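One structure is given below, encoded as structure tokens.
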Amino acid sequence: MRVVIAEDLALLRDGLMRLLRDNGFDVVDAVGDGDALVHAVAREHPDIAIVDIRLPPTFRDEGLRAALELRARAPETAVLVVSQYVEHSYATELLADGRGGVGYLLKDRIMNVDDFVDAVRRVGSGGTAIDPDVVAQLFSRRRSEPVDRLTVREREVLALMAEGRSNAAIAERLVLTVGAVEKHVANILAKLRLAPSQSDHRRVLAVLAYLQGE
Amino acid sequence: MSVPRLLAPFARAESYRTLVHLATAVPLGTAGLVVLVTGWSTTVSLAFTPLVVVVPLAFRAAVGVVAQAEAALARGLLGAEARPPIVPAGRGLWDRARKAVTDGAFWRQQAYLALRWLIGFPLAVGELSLIGGSLGALALPVYYPWSDLQIASDWHVDTLPRALAFVPAGALGLLAAAHVLRPLRRLWRSLAESLLSSDAVAMDVSPEVASHRRRRALAVHAGAFGGLAFLFIVIWALTSRGYFWPAWPVVALALPLAIHGWAVLLEERPAVSRTLRATPTLAVHEGVSAALFLFFVAVWALGSRGYFWPVWPLLGLAIPLGIHAVVVFARRSESGELTRRIRTLEQTRAGAVDVQDEELRRIERDLHDGAQARLVALGMSIGLAEQKLRTDPHGAQELLAEARKGAHEALEELRDLARGIHPPVLTDRGLGAAIATLADRSVLPVTVDVELTERPPAVVETAAYFVVAEALANAAKHSLATSVTVRIRRSAGTLGVEVADDGRGGADAGGHGLTGLRQRVEALDGTLSISSPEGGPTTLMAELPCAS
């Protein structure tokens, strides 16, 4: 999988490059700001761009803006935004176009290398990776009766669904059988009156939209 | 005296210049007199109309023009160092009039113009007559046959010897005329230098000397007044002793003396104006108005005593005085407002500095107890793992997992700390998004109602954010509320922040958190108020000025 990295801090950029190369990724370019990222993507056509949200010159949400620009200009490249902090509204902005191949994670998640590498692979192949913190924010936001009616286990499954994980991954994480997970998912969708959907990404969008109260 | 010394004045060019200067007293002295008479009569006759503010300006300008001409003459003809100062500028009509009148140069120039006529005119006439007469006498032997000069009824200058007899007198007269020129030159030069130059010298004197001079001048004035009054009364006593006419000049002379005395009193005793609760200028105005009124009353009393006409000048004096007083008091209340404002700013600035200082100490403490400690623990875990790597790979793996968890916790803590200093989403997405995030993080259900068409200035956003953050934290901790409403509105240059909960009330407005919040808000010139009756509900309101 071909990767472009946009991270202005050299320490993190080099660490990320090593980590990805060690795990079999082909890091074709590593740049320091949003404009360079857009150029690198246009030149290299990578499978995925990993972008820090804070980049020069403003050190505000440059990376997010660059990511949104990539979503519009290079739809074949997936975008994974990483940040020192997460805001569910940023996730909403990233997911606004309804397409897959998008992720939004805390930088802390990189430390859990296997999980992070899995997220990069998932996003790079058209899936979704939403940070558990974002999902937690959405859960605390949506204190509606249907969510309250979910069982603890169902809520765990719902959270992992919102993060963008497949049934198999959820089963592995919760030490359940895939069949049990499928049953939980069906119950959750019924309780929340959501239509079952074929792709994992569609499911994420539906769940997130539901949690956002839209 | 040797012959050359006797004749020396004739050889000196300065003699002729002095003569010309003397002669100019006739036209210029008259011009000066016209200016003075016109100026004063206009000033007095308009004294109780508002025009009295404008007249001194015109008067001052006219005196200035003549004084400049006089100074130029004195410089050119007498070599005097006379440079009248520029008329001081002022702001506004009233200020200019005040400065014109209180400018000492104005009065000295008037004195010079008056002297130029009073002394200069007679001197010019006398000197020119003496010269003319002497020349006529010297030339008499030439033209006596035609002149038919008659000295006495039977003594005509009709022979040469008789005509020649006049020559010595002519020569003496001419010598005298020539020799008085030098003292006259000195006299006018010193007058011009002392009365027409700028008062830079006078400004250098110490306050004690100035005060002494003022008192002495007043004493001289009073003495002159007493002497004149005495003289009039003596004349009256020695003559008719009929109608007591000296009352009139005494009253007329008493008016300037009274004004002079009042001005000196105000200068010497600043407490007097304070007692009157007036500015020095207003106090002068009051005194002059009172003196003028008393003067008219005296005139009325000395005169017909019929219809009490001084009521009209009283009215005329009272109106400008009233306007002046209103202006002064309006200005005073304005300056009182400013004084209060400065005091408030001093307090709020001190409060802001306190808040900042406390914040920095809190951040230092948090870093020390939190992230730093966690990083030390992290380093130790990694060190141990390194040791165990060969002997106990399983233990090493556990330690490394622990280290990763520690790193994650350190990051969480740093993130919270950073958010407490300044939440990134506030910078990136503005107040609405930041408040929504706060609401999401709150354990209480929060209704957010933010209506902003444009973003307020960053400092205002930050203050509003922390007001809401603190209020939500308090509501969660103390209020036992079931819901909170945050309302933010912008109107007419202020950002209004309102946080209301349905809890049990009784919040401590002097508590630590609220005091810090108040200082933060006041540093921006805002106000913070809290309503929290026992039993609830609690409403916190902040008004933050934000110019649009």
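Throughout, read-outs are computed from the coordinates displayed, never taken from laboratory work. Note that the structure is a prediction, hence the values are computed from the model and not measured. Positions of Cβ are backbone-derived with ideal geometry, glycine not excepted, and every protein chain shown enters the neighbour counts.
Just a few scattered comments:
- Debye, to nearest 20: dipole size of the protein assembly as shown, +1 on Lys, Arg Cβ, -1 on Asp, Glu Cβ: 3880
- Rounded to the nearest 5, the antiparallel percentage of DSSP beta bridges internal to chain B is 80%.
- Across chain A, C-alpha contacts under 8 Å between residues 6 or more apart give a mean separation that, scaled by the residue count, equals a relative contact order of 15 percent.
- The stretch B:9-309: relative contact order in percent, alpha carbon pairs under 8 Å with at least 6 residues between: 18
- Partners for B:Lys388 among lysines (Cα-Cα distance below 27 Å; same-chain residues under 8 apart left out): B:Lys405
- Degrees between helix B:393-421 axis and first principal axis of chain B (Cα, 0 to 90, nearest 10): 30
- Folded to 0 to 90 degrees: helix A:152-163 orientation relative to chain A principal axis, Cα: 30
- Nearest-20 debye value, chain A charge dipole, Cβ charges on Lys, Arg, Asp, Glu: 780
- Summary: within chain A, the longest segment free of trypsin sites (Lys or Arg not before Pro) located in DSSP loops with at most 16 other C-beta atoms within 10 Å is A:1-59.
- Cα-based helix-to-principal-axis angle, A:113-124 vs chain A, degrees rounded to 10: 90
- Leading residue at positive end of dipole, the stretch B:326-421 (Cβ point charges), from B:Gly395, B:Thr348, B:His368: B:Thr348
- Furthest towards positive pole of dipole, B:Thr239, B:Pro183, B:Ile530, structure part chain B, Cβ charges: B:Thr239
- Translational diffusion of the stretch A:116-214 was estimated from the Stokes-Einstein equation, with Rh taken as the Kirkwood radius over Cα pairs; at 4 °C and 1.567 mPa s the coefficient is 96 µm²/s.
- Positive-end ranking of B:Pro320, A:Ala91, B:Gly223 along the dipole of the protein assembly as shown, with charges on Cβ about the Cα centre, is headed by B:Gly223.
- Antiparallel content of DSSP bridges confined to the protein assembly as shown, in %, to 5: 45
- For B:Ala509 and B:Leu375, the FRET efficiency from 1/(1 + (r/R0)^6), where r spans their Cβ atoms and R0 equals 35 Å, is about 0.30.
- Length-normalised contact order for the stretch B:326-421 - Cα pairs under 8 Å, 6+ apart - percent: 26
- Cβ-Cβ FRET estimate between B:Arg331 and B:His368, R0 fixed at 60 Å, reported to 0.05: 0.65
- Principal axis dimensions, largest first and in whole angstrom, of chain B by Cα: 158, 72, 43
- Extension gain, B:Ala271 to B:Arg162: 0.36 nm times the residue separation minus the Cα-Cα distance gives 31.5 nm.
- Taking B:Arg305, B:Arg332 and counting other C-beta atoms within 10 Å, the order from fewest to most: B:Arg305, B:Arg332
- Fluctuation leader among A:Thr92, A:Thr128, A:Thr151 - chain A, Gaussian network, Cα springs under 10 angstrom: A:Thr151
- Net charge dipole, the stretch B:9-309: roughly 800 debye, given to the nearest 20, about the Cα centre with Cβ charges of +1 for Lys and Arg and -1 for Asp and Glu.
- Sequence of A:His184, A:His45, B:His221 once ranked by neighbouring C-beta atoms within 10 Å, starting from the fewest: A:His45, B:His221, A:His184
- Neighbour-count ranking [beta-carbon atoms within 10 angstrom, fewest first] of A:Asp22, B:Asp366, B:Asp354, B:Asp428: A:Asp22, B:Asp354, B:Asp366, B:Asp428
- Potential extension, B:Arg241-B:Trp107 segment - 0.36 nm per residue separation minus Cα distance: 44.5 nm
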